[in-house]
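What follows is one structure encoded as structure tokens, with my remarks underneath.
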Amino acid sequence: MSETTMNLTLKIWRQKNQNEKGRFVTIEAKGISTDMSFLEMLDVVNEDLTRKGEDPIYFDHDCREGICGMCSLYINGQPHGPKHGTTTCQLHMRSFHDGQTIVIEPWRAAAFPVLKDLAVDRTAFDRIQQAGGYVSVNTGGVPDANCLPIPKVKADEAFESATCIGCGACVAACKNASAMLFVSAKISQYALLPQGQAERWSRAQAMVEQMDAEGFGACTVTKACEAECPVGIKLTNIARMNRDYFNAKFFKEETVHH
Amino acid sequence: MILDSKIPEGPLAEKWSRHKFNLKLVNPANKRKFTIIVVGTGLAGASAAASLAELGYNVKTFCYQDSPRRAHSIAAQGGINAAKNYQNDGDSVFRLFYDTIKGGDYRAREANVYRLAEVSVNIIDQCVAQGVPFAREYGGLLDNRSFGGAQVSRTFYARGQTGQQLLLGAYSALNRQIHAGKVTSYTRHEMLDVVMIDGHAKGIITRDLKTGAIESHEGHAVLLCTGGYGNVFFLSTNAMGCNVTAAWRAHKRGAYFANPCYTQIHPTCIPVTGDHQSKLTLMSESLRNDGRVWVPKTKEIAEKLRKGQIKISDIKEEDRDYFLERKYPSFGNLVPRDVASRNAKQMADEGRGVGATGLAVFLDFADAIKRLGEDTVRAKYGNLFDMYYQITDENPYKQPMRIYPAVHYTMGGLWVDYNLMTSIPGLYALGECNFSDHGANRLGASALMQGLADGYFVIPYTVGDYLTSLGFKPVDKSNPAFEQTRLEVEENVNKLLSLKGSKTVDDIHKKLGHIMWEYCGMARNEEGLMKAKGLIQELKKEFWNDVTVLGENEELNLSLEKAGRVADFIELGELMVDDALNRRESCGGHFREESATADGEAKRDDEHYAYVAAWEYTGDNQPEVLHKEPLVFENVKLTQRSYK
Amino acid sequence: MSSFKEAFSSTLGKKLVMSLTGLFLCTFLIVHLIGNLQLFKNDEGFAFNQYAYFMTHFGPIKIVSYLLYASIIIHALYALILTLHNKKARPIPYDQKPGNKNAAWNSRNMGILGTVLLVFIATHMANFWWKFHNDQVPYIQYETNIETGQISAIEMPAEEFTDYKEFSQDGVEYVQARDLYKQVEFAFENPILVAFYVLAMVALSFHLIHGFKSAFQSLGFDNKKWIPLVKFLGIYVFGVIIPIGFAAMPLYFFFK
């Protein structure tokens, strides 16, 4: 480990609230250790701002272990920064160099309005899942867990879809601000498992309908979402969603329960 | 007040069944006349909210995150225990009960722990039915792994993210009820007080973090599922937002706080690199299955290494001290968490620590790689090695990892009876927020089990019993208590906003963390604790005199959010010290240096301390009053743990 | 709203329309290329002009051609609708653009490529389709000696030409046709037009390398066993062979 310090120029989007206009503000970050995580670098900047009596930069974060999906940030043109397969909280300053200018923007999407500075409202994701992202079973009264054998390959594939952390990097990366990688991962988890079959066709319709109602864009298969997804959700999920949706709409009798 | 734990009569194995039968029921048509408030949406909160809504109650959920799915239960890696005995290796409900009681160093209630073991099997069924993608074998059935503190394989897992998958399961059940209109979800809301009417909890006061609006919400019962208070140490493996505020404000309204000094310090975390550090990252303790823990044999060698005068490879085999293997030949590197942590600290104290700060020990895989080959090691631990590499920029295949203990879990919490009700009628505490099931030390893969047991299978039964006693009247929102409490919260917020000193909230929080870690961390003694008490009292003054809180209430206000939480942590810190002072024995995560065996191991004092210490708040800057709930063991024999 | 209507008004449904029209246009390209290979026959356009007559006068093919025109229009129209929709989904653009860091250039610029192709189609149709249908091409008579099999071609004056005709007389087979071949020869004397055609075929290549396999993705077809074939066709048939085949024609006539 070779810890060194560096000085950086940050160009950060500042916006007081949802209604006011935002702008870029340039802040010098001095003496930043290469061992810091990106968010720790912002902590240091915030401590300095606070000491000067200036409003610290608001950004979403929580677990700082790369799993809660709360951190975001569009760093130098890429969601979660230049390293692939990692969240912003797991990005370290050694990925940058002394004297570099770092431009930090919030996720940009009509469905993700900016709340303040770099924090956006991602409740659209919650509403999509509320529309049908579940298996309708009540607590209790379920069969023994081993009553339902699931082939390991299927279980593993479902896990690959279920691993989505709901951060929204797919939307941020997509030039169309499309949420299809997220929505399809959720639909896929249940489509792949036997537990999800009873509501498979109504679920696909309900979740796609809500996704469209939230104002996300369409998929043009640029694969930017897949490239930027911190947990490696694959594009094949989108194909599966398309398949299930068309199947439901054109051939199945199940409809959406509102 | 005498603490009534309401443990049912009868043989251990029948207590819960009998109790369920004796609990009064609310008929289905009447359930919709009740509103239940659930604060926190982790495993305990989300599972409780969903289950109660399914029964027909109206539920309101609150979380400070932007989505219920982000609660810190999500970060649990290893797995969830259940006494399924799918492996035919001799597991049973009683064995899980026994392991948990023993692992907790005989400081938990038998009846609660037995119930936990009993419902553990239902949890797995429930989660599978929801579509949680647990690991499976090729035959399609569920796979299990073994975990610390047990000799059977009973841990169910979903790769390294069991917590996220279980939480997403509970969250999906919650979503279904939100869709059905039975649950109203409030996100980016923080609970700041409990509304008390005639001694009962009847609602809460929240602050909308987006708009600053201070709102009151009424409910027939309030469930606190707000997690633990590990962030009192500033650095812990908890999420940045984890806080004690909801529990602490409830405590100040009359809920007793039990065993606050019981904190779990996990041995395998990535060490601190500098003052900028914001949190610590845990690596699964499974690493200790193949890694060997060592430090240089002498202080001199360690010093040279720290200064970079020699390289790790320059240290000869005979100059390496594999201290766990040396001291505990039968358990070696696999001693329980508390023992491993204390020994690492001891090495650092002796000046034999490694890394730039000296606050680390080596976890070396060289032998494992030699024995098993790099590919096998990669298959077993690849993701952990990658994570370590990502954070430290050091390649653990080439050089030993550096690890150090970190605060991970708090066994203490709000005191609850067998029904999970606190000492305030109508106020419940579930999951890590309560104190009930882990005694003085929690076993791996048991936190997820407890959160879901409380939420899915305990509270849906017990809350009804209380609700029937209320009649079917709506909560009177016009009661002056609502406005009164709201104004008090508003006043407190304004008081915080008026602070314009020279220190940042983080400055104070870091100081608090240092005090707690130094004197109330892995090892505690009378002198240090007394000193800590004084330091915390000074720090409290410093906070109210010299901290600065910027901005206004009506916005997303980072420094205001933090300030309120840290103010509560300071008060909690003092109580933890009081509790640690009071408990002059060593048990589980609480190690009093005065209570040790001749060779320095923890020594329990069952004669004097086999009780739950429940503290009652009596006023600002007043000493808290201790209530003791004796622990009675009828089914297990108390023994001193030994890992030699 | 009916299920079908709902489906087609969703973002997925609109992409389905793009996919189906796109794939139909791809199949057309194969037929079109194979037919046009007759331009390379050294027969003064005899086979090509016969083929041109057949393609414009055979009933079923006429129906297909109307489907083709409709597909072009619908494909372009839906592209426009989706582009506007997608722009609306991100009203405030990013200051920093990722460039090629996470997505290939062609996948991000299908609109530009498509516009080039639309202009190309308009030019192409004005040059050949329009002129062919509006008697603005020369006329030709082919005389085949039945005994020797020798073919000779003679330009026909416009006033003698009535319509496409095939007849035999005195051991000679006559074919009178509109000479689209001549028009091709003529058009590709223009270096600017040739350059534009080659450029358009480069655009076609990029458009199809992304478009062909993406169409299957939009349809929901990504079967692990068959998708390698789709990828192969997308790159080598639609991305290489077809554009090169088409680009060869203007170049052939220009350098002939």
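Summary table below
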quantity	calculated
Some residue of region A:180-190 being hydrophobic (A, V, I, L, M, F, W, C) and within 11 Å of chain C (Cβ to nearest Cβ)	yes
Residue pairs meeting the criteria (Cβ under 7 Å; at least 6 apart or on separate chains; first more than 10 Å from every other protein chain (Cβ to nearest Cβ), in region B:161-187; second among the aliphatic types (A, V, I, L, M) and part of a strand (DSSP E or B))	B:Thr162/B:Ile80; B:Leu166/B:Ile80; B:Lys182/B:Val59
Residue, surrounded by the fewest Cβ atoms within 10 Å (Cβ to Cβ), within region A:205-234, restricted to residues that are within 7 Å of another protein chain (Cβ to nearest Cβ) and more than 22 Å from A:Asp121 (Cα to Cα)	A:Ala227
Whichever residue in region A:23-72 is within 14 Å of chain C (Cβ to nearest Cβ) and touching an Asp or Glu at 6+ places or on another chain (Cβ under 8 Å) and, among such residues, is nearest to B:Asp66 (Cα to Cα)	A:Ser72
Any hit, region B:613-635, residues being part of a loop (DSSP other than H, G, I, E, B), open to solvent by 30 Å² or more (accessible area, probe 1.4 Å), of a type in the set (Phe, Trp, Tyr) and touching a His at 6+ places or on another chain (Cβ under 7 Å)	yes
Considering residues of region A:155-198 that are within 26 Å of B:Phe156 (Cα to Cα) and of a type in the set (D, E, K, R) only, the residue least open to solvent (accessible area, probe 1.4 Å)	A:Lys186
Filter result (touching a Leu at 6+ places or on another chain (Cβ under 9 Å), open to solvent by 30 Å² or more (accessible area, probe 1.4 Å) and not in a helix (DSSP H, G or I)) within region B:365-412	B:His408
Residues located in region C:1-16, provided they are surrounded by fewer than 20 Cβ atoms within 10 Å (Cβ to Cβ) and among the hydrophobic types (A, V, I, L, M, F, W, C)	C:Met1, C:Phe4, C:Phe8
Any chance B:Tyr114 is within 7 Å of chain A (Cβ to nearest Cβ), open to solvent by 10 Å² or more (accessible area, probe 1.4 Å) and out of contact with any Gly (no Cβ under 8 Å at 6 or more places or on another chain)	no
Within region C:33-47, considering residues that are assigned to a helix (DSSP H, G or I) and touching a residue at least 12 places away in the same chain (Cβ under 8 Å), the one farthest from C:Tyr139 (Cα to Cα)	C:Leu33
Residue ID - most open to solvent (accessible area, probe 1.4 Å), chosen from residues in region A:81-94 that are under 11 Å from A:Ser37 (Cα atoms) and at the interface with chain B (Cβ under 10 Å from one of its Cβ atoms)	A:Arg94
A:Asp48 vs. criteria free of Cβ contacts under 8 Å to residues at least 60 places away in the same chain and open to solvent by 30 Å² or more (accessible area, probe 1.4 Å)	yes
Near pairs, Cβ below 7 angstrom, 6+ apart or cross-chain, from region B:274-286 (more than 10 Å from chain A (Cβ to nearest Cβ)) to any residue that is outside any loop (DSSP other than H, G, I, E, B) and charged (D, E, K, R)	B:Glu285/B:Arg337
Search result, residues across region C:224-238 that are charged (D, E, K, R) and not in a helix (DSSP H, G or I)	C:Lys224, C:Lys225
Matching residues in region C:17-45 - criterion: being open to solvent by 30 Å² or more (accessible area, probe 1.4 Å) and under 16 Å from C:Ala247 (Cα atoms)	C:Ile30, C:Val31, C:His32, C:Ile34, C:Leu37, C:Gln38, C:Phe40
Residue within region A:143-155 that is facing chain B (nearest Cβ under 7 Å), touching a residue at least 24 places away in the same chain (Cβ under 8 Å) and in contact with a Gly (Cβ under 7 Å, 6 or more places away or on another chain) present	yes
Boolean, B:Ile536 is open to solvent by less than 10 Å² (accessible area, probe 1.4 Å), without any contact (Cβ under 8 Å) to a residue 60 or more places away in the chain, in a helix (DSSP H, G or I) and of a type outside the set (Ser, Thr, Tyr)	yes
Qualifying residues in region B:57-77 (those that are away from every other protein chain (no Cβ under 11 Å) and open to solvent by 10 Å² or more (accessible area, probe 1.4 Å)) - the one nearest to the chain's Cα centre (by Cα)	B:Lys60
Test: residue in region A:95-106 that is farther than 24 Å from B:Leu556 by Cβ, open to solvent by less than 20 Å² (accessible area, probe 1.4 Å) and in the same structural domain as A:Ala239 (by TED's automatic domain parsing)	no
Given (1) at pLDDT 95 or above; (2) more than 9 Å from every other protein chain (Cβ to nearest Cβ), index of the condition B:Gly131 fails	(2)
Residue among B:Gly355, B:Gly308 that alone is within 14 Å of chain A (Cβ to nearest Cβ), of a type in the set (Gly, Ala, Ser) and without any contact (Cβ under 8 Å) to a residue 12 or more places away in the chain	B:Gly308
Residue in region A:68-76 that is surrounded by fewer than 23 Cβ atoms within 10 Å (Cβ to Cβ) and outside any loop (DSSP other than H, G, I, E, B) present	yes
Qualifying residue in region B:356-364 (condition: modelled with pLDDT under 95, open to solvent by less than 40 Å² (accessible area, probe 1.4 Å) and out of contact with any strand residue (DSSP E or B) (no Cβ under 6 Å at 6 or more places or on another chain))	yes
Selection count, region C:124-150, where residues are in a helix (DSSP H, G or I) and either among the aliphatic types (A, V, I, L, M) or open to solvent by 40 Å² or more (accessible area, probe 1.4 Å) (or both)	7
Single match in B:Asp465, B:Asp454 (criterion: in contact (Cβ under 8 Å) with a residue 12 or more places away in the chain, among the acidic types (Asp, Glu) and either within 14 Å of chain A (Cβ to nearest Cβ) or buried (at least 19 other Cβ atoms within 10 Å of the Cβ) (or both))	B:Asp454
Contacts under 9 angstrom Cβ, first residue in region A:201-214 being modelled with pLDDT under 95, partner open to solvent by less than 10 Å² (accessible area, probe 1.4 Å), 6 or more apart	none
Residues satisfying the stated conditions in region B:199-236, i.e. hydroxyl-bearing (Ser, Thr, Tyr) and surrounded by fewer than 24 Cβ atoms within 10 Å (Cβ to Cβ)	B:Thr211, B:Ser216
Residues of region C:158-184 that turn out to be touching a Phe, Trp or Tyr at 6+ places or on another chain (Cβ under 8 Å), open to solvent by less than 50 Å² (accessible area, probe 1.4 Å) and not in a strand (DSSP E or B), as a count	7
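The values are calculated or read from the model by the stated rules, or taken from the named source; none is laboratory data. Bear in mind the structure is a predicted one, so any value in this text is a computation, not a measurement. Note: ideal-geometry Cβ built from the backbone for every residue, glycine included; neighbour counts use all protein chains shown. When the accessible area is computed, the model is the full protein with side chains, heavy atoms only, and any ligands, DNA or RNA have been set aside. Shrake-Rupley method; radii C 1.70, N 1.55, O 1.52, S 1.80 Å.
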